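Down below is the structure, laid out as structure tokens.
The values are calculated or read from the model by the stated rules, or taken from the named source; none is laboratory data. Predicted model, so just to flag it, every value in this text is computed and none were measured. All Cβ positions, even for glycine, are placed from backbone atoms using ideal geometry, and neighbour counts span all protein chains on display. Ligands, DNA and RNA are excluded from the accessible area calculation, which covers all protein heavy atoms including side chains. Shrake-Rupley method; radii C 1.70, N 1.55, O 1.52, S 1.80 Å.
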Amino acid sequence: MKPFFQNTLKLTFPAALLLLAMSAASAQEPRLQISNLDYLAGKASQTVDVNVDEHLLQMTAKFLGNDPDDKEIKDLVSGLKGIYVKVFEFEHENEYSAADVDSIRTQLRQPGWAKILTFTSKKEGSVEVYLMTANDRISGLALLALDPKELTIVNIVGPVDLSKLSKLEGNFGVPDLHIEAPAKTKPKN
Amino acid sequence: MAKLKFIFLTFICLLLLGGSATSARGDDFGAAVKTIEQFYRVKHQSIPLLARAGMKAATTAARIKGGEYKRIAEAGSVKVAFFQDQEFDSQGNIPSFRTALAKAIGGTWSPLVQTFAPREEEQTYVFIRLAGEKFNVLVVTLGRHEGTVVQVNVNPHTLALLMQSPDDMGKAITDDATQNDN
């Protein structure tokens, strides 16, 4: 009987370690799980769901032209691993629930994610921007735009250059979010 | 001699069976059309021979990226199925259709863009997959009374241009494949 337990322990311990490592890795995942919101497509008056994976992004970067605009987009997307966008527009207010939003926010409370911006206005709802960093480098960005009649989630996976982020608006399915490039600080004399 | 004939015929039958099984597996365009027919109880229409010939000869164009006109589909790669004057009523069950469609076409396709407007019964699906050095793009567009399923081959450069505005991609490809500019 004893060898059985010993053998089981021998097998279980590395397996447990592996599982622990895997769960830690998934906790650091810059890609959000947002497919649980797909059911909202049945309630929304308009839904847009865009999934651009790494392969497509790299292929796009490879074949973009060399004019300044294309080059800037090429530089921006060349290191990215994915762009995922979901936009739900509703006819009436409060058709999505707090639980829907919490399912995303819970992921954004995991280690590595930090909220860098919250903007709230009565008219336009609220916008929250989160960054994931690993080894002092940005590895992902998430944007939650919450309007009483509209829910937008943008998840960019990979090293995002914040100064060029606004270039992505209107490209690769990223909606116009009026993202302002960070102002350049004047050198102190 | 009879035995040899029997072996030869068996061999031919096996070849034919194998071939049809392969094409059935690979015909995701057909699977998409069939899923629409089964879910909505509608029937697709074949394109008349003359129209098909016209389409082939036409220099179809689509607007890509701010005024640049280019042909999207690679020559000879276009597959089209139309649904006209029919009733597409999801009865609030668009998510089920979405799941059924994704399941029907199989795991080799990636869902690039999906748009829905249930009140107007409007749905667009753009799926994409690598095919050698090109890409297969499958576009399903449904409205309240009509629908289109289009499959085309697209070269990487054209796809790169289309990718910048994925929301318009389905319409651009469908227009390219179904309109002629004669």
Flag for A:Leu37 being crowded, with 20+ Cβ neighbours inside 10 Å and either more than 23 Å from the chain's Cα centre (by Cα) or at the interface with chain B (Cβ under 10 Å from one of its Cβ atoms) (or both): no
How many residues are away from chain A (no Cβ under 13 Å) and under 18 Å from B:Phe83 (Cα atoms) if we restrict to region B:102-134? 0
I'd like the full set of residues that are within 11 Å of chain A (Cβ to nearest Cβ) and either among the acidic types (Asp, Glu) or out of contact with any Lys or Arg (no Cβ under 8 Å at 6 or more places or on another chain) (or both), limited to region B:135-168. B:His157, B:Leu159, B:Leu162, B:Met163, B:Pro166, B:Asp167, B:Asp168
So the helices (runs of 4 or more DSSP H) completely within region A:42-139 holding 3 or more residues that are within 21 Å of B:Met169 (Cα to Cα), within 12 Å of chain B (Cβ to nearest Cβ) and open to solvent by less than 70 Å² (accessible area, probe 1.4 Å) are A:54-63, A:68-77
Residues of region B:119-140 being more than 19 Å from B:Thr35 (Cα to Cα) and outside any strand (DSSP E or B), which ones? B:Arg119, B:Glu120, B:Gly132, B:Glu133
Considering only residues that are in a loop (DSSP other than H, G, I, E, B), farther than 23 Å from B:Ala117 by Cβ and open to solvent by less than 40 Å² (accessible area, probe 1.4 Å), look in region A:140-172 and name the one that is nearest to the other protein chains (Cβ to nearest Cβ). A:Gly158
Strands (runs of 3 or more DSSP E) wholly inside region B:17-118 that include at least 2 residues being at pLDDT below 85 and either open to solvent by 20 Å² or more (accessible area, probe 1.4 Å) or out of contact with any Gly (no Cβ under 7 Å at 6 or more places or on another chain) (or both): B:62-64, B:68-70
Consider B:Gly132 against the criteria (1) at negative phi; (2) free of Cβ contacts under 8 Å to residues at least 12 places away in the same chain: it satisfies all of them except one. Which criterion is unmet? (1)
